[in-house]
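For reference, the structure is listed below as structure tokens.
Values quoted throughout were computed directly from the atomic coordinates according to the rules given, and no laboratory measurement underlies them. Because the structure is predicted, anything quoted here is derived from the model rather than measured. As a convention, Cβ positions derive from the backbone with ideal geometry for all residues, glycine included, and neighbour counts pool all protein chains shown.
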Amino acid sequence: MKKIAVALFGAFAGLSMTAGAMAADSFTIDSRHTFPVFEVNHLGFSTQRGRFNNVTGKIMLVPAQKSGSIEVTIDSASVDMGLEAWDKHMRGEDFFNVEKFPNMTFKSTKLMYEGDKLVGAEGDFTLLGVTQPVRLDVKGFACGTHPINKKALCGADISTTIKRSDFGMTKYLPGIGDMVVINIPVEAFKD
């Protein structure tokens, strides 16, 4: 009888672990630690950088199935170049046209894993009302417990390069470069 009970407990525990491994983990982006930074060549003399200060989104991860999803919204009006007059120009029709297009979005179509680590995502990026496929590279993906608030947290550094003209942002080409490098430190708390 004892052997049967041990065997049943073992089988139940195995099923529970399998079900847990297959379950999706949901995360909410921490907007206080997620700031997309972009850089672009300026007149062939320097690389200019800016960032966005307001980002929201959800991430679902299912490492056992090598799947999940990412949905991110960037408030275009939160562009920050470090100078108010420059910020105002970037919000205007020449660049982000925030009156007509208040948000940029990324929605994944596929996540890529190496083992249980997220290493990339493919999806659709929408800027100025134009949607194009984009691949994100994910480096340093790590999960653990936040040392201060003790909540489960995942983070990574994400990067990609886009061609701004593909989205209809053509003002001042080629003086202001067409290729835009985007780097995003991201942290997300488990729901």
_Estimated vicinal HN-Hα couplings, Hz - region 42-53 in sequence order (Karplus 6.51, -1.76, 1.60; Gly, Pro = x)_ = 10, 6, x, 9, 7, 9, 9, 10, x, 8, 10, 9
*Could you tell me the distance between the Cα centroids of region 31-103 and region 118-145, to the nearest Å?*
13
*Inter-label distance for E187 and D94, nm, one decimal - labels placed 7 Å from Cα along Cα-to-Cβ*: 3.6
*Can you tell which of F106, P133, I29 lies farthest toward the positive end of the dipole of the chain, using +1 and -1 charges on the Cβ of basic and acidic side chains (Lys, Arg; Asp, Glu)?*
I29
*For the Cα atoms of the chain, what angle does the longest principal axis make with the long axis of helix 2-22, in degrees from 0 to 90, nearest 10?*
10
*Report the extension gain between R32 and L173 in nm, rounded to one decimal, defined as 0.36 nm multiplied by the number of residues separating them, less their alpha carbon distance.*
47.4 nm
*For the chain, modelled as a Gaussian network with Cα springs under 10 Å, which listed residue fluctuates most, P174, P36, P133?*
P174
_Cα-centre dipole for the chain with unit charges at Cβ (Lys and Arg positive, Asp and Glu negative), debye to 20_ = 760
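For each pair in K139/K163; K58/K171; K58/K163; K100/K163; K107/K171; K66/K190, compute the distance between the two Cα atoms and list the pairs where it is over 30 Å.
Values: K139/K163 22 Å; K58/K171 32 Å; K58/K163 25 Å; K100/K163 21 Å; K107/K171 26 Å; K66/K190 18 Å.
The answer is K58/K171.
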*Using 7 Å Cα-to-Cβ label points, what is the D87/V130 separation (nm, one decimal)?*
2.7
